[in-house]
Amino acid sequence: MLAGCRVALPRGLRCCQRVLSWVPVVIISLVVLWSYYAYVWELCLVTVTNPAEKATYLLLFHTVFVLFIWTYWKAIFTPPKQPTKKFLLPYAEKERYDNEERPEVQKQIVAEFARKLPVYTRTGSGATRFCETCQIVKPDRCHHCSVCGMCVLKMDHHCPWVNNCIGYSNYKFFLLFLAYAMLYCLYIGCTVFQYFILYWTDTLSNGQAKFHVLFLLFVALMFFVSLMFLFGYHCWLVSLNRTTLEAFSAPVFQSGPDKNGFHLGIHRNLQQVFGKNKKLWLIPVFTSLGDGFTYPMRMVCESRNPLLAAENQWEDDMTDEESQAYCETSNITVHIEK
């Protein structure tokens, strides 16, 4: 009986956690629904009297609104991509790992298995990155999300406002969500401002509409400022081909930590997230390059050969075009016979 209660309690807590994790999404959704009502009904249909102005406002508003909702939906419901069974520790190695008590031998077991995989980043101590929870060798840029309870490819962060882990499969959607949310707030603020002044100076006297229009401007400006800083930060990350986690802790290669290890130049960095077809950059469809398991590195040879680490100094001073040319000509695989 007691054992059953102990099992039921964690299940109940996990259920409550899953329910509560949707609270931020519900809050944002309610604010968006109210903003839609306040703008469409109270501003455009009740306050604005000019038919041409009313039609223009409604057309542009719904265009931005659809893009905003579309990207928000994609950011919420696009599941983060996980490592495949290829990175899962096989049964025989898992048995050896579990039965071994010496940490150095456990690391050796994982390292032997990882030699068959395209993995080049390491832990701070130089060991193979291994997830004890998922029992997998972590691909480059992969991290375990304690909220989602799984390893996520190219994990950036867990966002409570979309109740999802942002990574390789949905990072583009998250960026577009921030951009269109900011545009949504900016558009509302610009078109509402003149009527805000009219209501504030009592030139217009509709009581109910006045409340909605005044409050609409304050909410739009508040969210716009918050989104502007967050979007600007992620634009900076994209320009350097870094994730939020990598910005706080530089990825470690065989040659040591390198915060610019995946930096390919601004144009190629943008292509990593948005793809090569620029016509699809602003549309929430998946166009990111690669498979999520391997990534082009600034100096592939450096990540495999510590003797070339000294080239870091002058590499940092190269332009994007020079860096791209160098990276393409230095894609050398070094095999060392043991």
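The values are calculated or read from the model by the stated rules, or taken from the named source; none is laboratory data. As the structure is a computational prediction, the values presented were derived from the model and not from experiment. Cβ sites come from the backbone with ideal geometry, for glycine too, and all protein chains shown count toward neighbours. Quick note on the areas: whole protein, heavy atoms, side chains included, nothing else; ligands and nucleic acids left out. Shrake-Rupley method; radii C 1.70, N 1.55, O 1.52, S 1.80 Å.
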Original post:
Measuring from the lowest to the highest alpha carbon on each principal axis, how far does the chain reach, largest first, in angstroms?
Top reply: 85, 69, 27
Original post:
Relative contact order (percent) for region 85-161, with alpha-carbon contacts under 8 angstrom and 6 or more residues of separation?
Top reply: 24
**OP:** With +1 on each Lys and Arg Cβ and -1 on each Asp and Glu Cβ, and nothing else charged, work out how big the dipole of region 103-200 is about its Cα centre, in Debye to the nearest 20.
**Re:** 280
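So how do LYS276, LYS210 rank on accessible area, 1.4 Å probe, biggest first, that is with the largest at the start? Kindly include the intermediate steps, with their values, before the conclusion.
Numbers: LYS276 145, LYS210 60 Å².
The ranking, largest first, comes out as LYS276, LYS210.
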Subject >> Value of relative contact order over region 234-294, rounded to a whole percent, pairs C-alpha under 8 Å and six or more apart >> reply: 27
**OP:** Compare the Cα positions of VAL26, ALA114, LEU240 along the charge dipole of the chain (+1 at Cβ of Lys, Arg; -1 at Cβ of Asp, Glu; about the Cα centre) and return the one farthest towards the positive end.
**Re:** VAL26
Original post:
P(r) for region 1-144: what percent of alpha-carbon pairs falls in each 5 Å bin, starting at zero?
Top reply: 2, 7, 11, 11, 9, 8, 10, 10, 7, 6, 6, 5, 4, 3, 2, 0
Original post:
Excluding same-chain residues fewer than 8 positions from LYS94, which lysines have a Cα within less than 21 Å of its Cα?
Top reply: LYS85, LYS86, LYS107, LYS116, LYS138
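Please give the charge dipole size of the chain, origin at the Cα centre, charges +1 on K and R Cβ atoms and -1 on D and E Cβ atoms. Round to the nearest 20 debye.
With Lys and Arg at +1 and Asp and Glu at -1, about 1100 debye.
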Subject >> Crossing angle, helix 171-200 versus the chain [Cα axis fit, 0-90 degrees, rounded to tens] >> reply: 20
**OP:** Taking the Cα centre of region 159-290 as origin, work out the dipole magnitude from +1 charges on Lys and Arg Cβ and -1 charges on Asp and Glu Cβ, in debye rounded to 20.
**Re:** 420
**OP:** May I ask you to give the percent of accessible area on region 85-161 that is carbon plus sulfur, with a probe radius of 1.4 Å?
**Re:** 52
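Given a Förster distance of 56 Å, report the FRET efficiency between GLU112 and LEU221 from their Cβ-Cβ distance, rounded to the nearest 0.05.
On the way: r = 58 Å, r/R0 = 1.03.
Result of the calculation: an efficiency of 0.45.
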Original post:
Say the dipole of the chain comes from +1 at the beta carbon of Lys and Arg and -1 at that of Asp and Glu; which of VAL219, THR191, LEU88 then lies farthest toward its positive end?
Top reply: LEU88
Original post:
Against the longest alpha carbon principal axis of the chain, how many degrees, from 0 to 90 and to the nearest 10, is the axis of helix 2-20 turned?
Top reply: 50
**OP:** List the relative contact order of the chain as a percent without decimals, with contacts defined as Cα pairs under 8 Å and 6+ residues apart.
**Re:** 17
**OP:** Find the Rg to Rh ratio for region 140-183, where Rh is the Kirkwood radius over alpha-carbon pairs and Rg uses the same atoms.
**Re:** 1.01
Subject >> Per residue, the convex hull volume that the Cα atoms of region 85-161 enclose (Å³) >> reply: 101
Subject >> Semi-axis lengths, Å, region 40-119, gyration tensor of Cα atoms, sqrt of 5 times eigenvalues >> reply: 62, 12, 9
Original post:
Taking the chain as a Gaussian network, Cα atoms linked when under 10 Å apart, which of ARG96, ARG268, ARG242 shows the biggest mean-square fluctuation?
Top reply: ARG96
Original post:
Could you give the angle, 0 to 90 degrees to the nearest 10, between helix 103-114's Cα long axis and the longest principal axis of the Cα atoms of the chain?
Top reply: 80
